[in-house]
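All remarks here apply to the structure that follows.
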Amino acid sequence: ADFPPAIVFFGTEDKWKRGWDDAYEKLQSLGAGDRIQYWLGEKAGHGFFNEDLWRDLTLIEVDRFLVSLGLLTGEPALKPAVDGVRLKKVELEKID
């Protein structure tokens with residue numbers, strides 16, 4: 001219950017994603033899963049969010065996440081620079 005809200009980004013081709021999947025499962029069992037946003041960069045590897053193609057997309061979602069927490073207001077000022085790259089939000093089960 002004391003786990004802070006979090007947003008995480010992994011590429012679908014990221015070999016480290018398996019470790020996150022295990023950690024998320026544990027956090028979910030503790031009731032923290034509904035405060036975690038989990039995003040996947042399609043066909044992307046580890047650290048993809050540092051690449052120009054992905055940077056704006058991930059920053060836009062970070063802005064939206066911070067707005068949802070009441071830490072920022074308004075709409076993201078950035079616009080996606082490149083067509084063809086996509087982030088997919090993973091919908092996770094909420095534990096009551």
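The values are calculated or read from the model by the stated rules, or taken from the named source; none is laboratory data. Since the model is a prediction, treat every value here as computed from it, not as a measurement. Neighbour counts are summed over all protein chains in view; Cβ atoms, including those assigned to glycine, are modelled from backbone coordinates with ideal geometry. Only protein heavy atoms, including side chains, enter the accessible area calculation; ligands, DNA and RNA are left aside. Shrake-Rupley method; radii C 1.70, N 1.55, O 1.52, S 1.80 Å.
Restricting the search to the range 1-20, which residues are touching a strand residue (DSSP E or B) at 6+ places or on another chain (Cβ under 9 Å) and not in a loop (DSSP other than H, G, I, E, B)?
ALA6, ILE7, VAL8, PHE9, PHE10, GLY11, LYS17, TRP20 - these are the residues of the range 1-20 that are touching a strand residue (DSSP E or B) at 6+ places or on another chain (Cβ under 9 Å) and not in a loop (DSSP other than H, G, I, E, B).
Selection of the range 21-32 for residues being at pLDDT 75 or above and assigned to a loop (DSSP other than H, G, I, E, B) yields an empty set.
Considering the conditions (1) loosely packed, with under 12 Cβ neighbours inside 10 Å; (2) farther than 19 Å from LYS89 by Cβ, GLY47 is excluded by exactly one of them, (1). Within the range 49-65, count every residue that is in a helix (DSSP H, G or I) and more than 12 Å from the chain's Cα centre (by Cα). Residues meeting the conditions: 6. Outside any helix (DSSP H, G or I) and small (Gly, Ala, Ser), is that true of GLY45? Here the answer is yes, as GLY45 does meet what is asked. Across the range 1-20, the qualifying residues are those that are exposed (fewer than 14 other Cβ atoms within 10 Å of the Cβ) and either aliphatic (A, V, I, L, M) or within 18 Å of PHE65 (Cα to Cα) (or both), and the one among them that is nearest to the chain's Cα centre (by Cα) is ALA6. Residues in the range 28-44 that are in contact with a Phe, Trp or Tyr (Cβ under 6 Å, 6 or more places away or on another chain) and open to solvent by 30 Å² or more (accessible area, probe 1.4 Å): GLN37 alone.
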